[in-house]
Structure formats: structure tokens, C-alpha cells
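Single-structure report; data block below.
FYI, it's all coordinate maths here, none of it is from the lab. This is a predicted model, so every value here is computed, not measured. Using ideal geometry, Cβ is built from the backbone for each residue, glycine included, and neighbour counts are taken over all protein chains shown.
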Amino acid sequence: MSVRRFGVSLDAGVLEQLDRFVKDGKYANRSQAIRFLIEKHTVEHKWKCNNVVAGAIVLVYDHHKRDLTNKLTDIQHDFHHLILSSQHVHLDHDTCLETILVKGKSKDLTKLADLLIGVKGIIHGKLVMSMVG
Ligand code: NI
């Protein structure tokens, strides 16, 4: 990867914010911090766009947690148009693993995954997305 230099003009206050970000994030220098911010922005933008993607939401949870399974079911019914299938596996006496296969606009899948993963009692949750076509 070739590295190119360019000049950046910033207000003093913004530069101060950048330097604080460099220090708090333990970046080696301003260039590394800016690179991180650009990459983060790019990834988030891709995930919030209108591209149709396919993916999987993986949830691990303790099914004894009060109302948890009801909430998961309610959310999935609200978003049924995005859900292709789901599979529930009882891992042990307490723990369940659920995989929900989804297809739709990446911003909608992200919203659905955030709602599911945000339900109180979820031990682990992750959304994986893949481009379609
Ligand atoms: Ni189970």
C-alpha cells in the first residue's frame, strides 16, 4: 500500500479533539487516528445502506430469563418479511443457540439484529452479512 501525504486544515478546537482522540485511543499519531476514523465511517456507511444482502443473526441466551423468548418471538414477527428461516438448538440445560437467516436491505437487517441482540438476557449476539449477487 503506497502512502501519500496531504495537508489538512482544521479549527484549533477540532484539532484539540483529534489530539485527545489520539491520546485516549493510544494511536501512534494523528495519521493512524484519522485512518481509523475513515475506516470506521466506511464500514458503518456500508452497513446502513440500501443494498440487499443476506446474512445470519446468531443469538446465545439462557431461556429461563423472564420474558426473553417472548420478546425474541415478538420482534421476529414484526420483521417476518426479512426472515428466511430460524433454527433453535438447546446447547445444554440452560443455554440456547438460535440462528436466524435473513435477507433484505442491510440497514433493515442491522436494525433487526440490534433489537434482538439488545434484548435483556442475551449472552452473545452477532450479525453477519454477505453481499448478494
Ligand atoms: Ni433452547
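Under 16 Å from a point 7 Å along the Cα-to-Cβ line of K111: which residues of segment 51-76 have their amide N that close?
51-53, 75-76
Could you list the residues of segment 111-133 with an amide nitrogen less than 13 Å from a label point located 7 Å from the Cα of L91 in the Cα-to-C-beta direction?
What the label zone holds, given the 13 Å backbone N cut-off, is 122-126.
What are the residues whose amide H is under 5 Å from the amide H of H63, where those residues sit 5 or more places off or on another chain and H is modelled from the backbone?
HN-HN under 5 Å from H63: C96.
What percent does the relative contact order of the chain come to when contacts are Cα pairs within less than 8 Å and at least six residues apart?
31 percent
Could you give me the ³J(HN,Hα) list for segment 29-45, computed from phi with Karplus coefficients 6.51, -1.76, 1.60 and θ = phi - 60°, whole Hz, x at Gly and Pro?
Each residue's phi maps through the Karplus curve to give 6, 5, 4, 5, 5, 5, 4, 4, 5, 5, 5, 4, 4, 4, 4, 5, 5 Hz.
Taking other Cβ within 10 Å of each residue's Cβ, how do S130, S9, S106, S86 sort, fewest first?
S9, S130, S86, S106
Output wanted: per-residue J couplings in Hz (rounded whole) for segment 11-25, from phi through Karplus 6.51 cos²θ - 1.76 cosθ + 1.60, θ = phi - 60°, x for Gly and Pro.
4, 4, x, 5, 4, 4, 4, 4, 5, 5, 4, 4, 5, 5, x
Cut-off 20 Å, label point 7 angstrom out along Cα-to-Cβ of I38: give me the residues of segment 1-21 whose amide nitrogen falls inside.
1-11, 14-21
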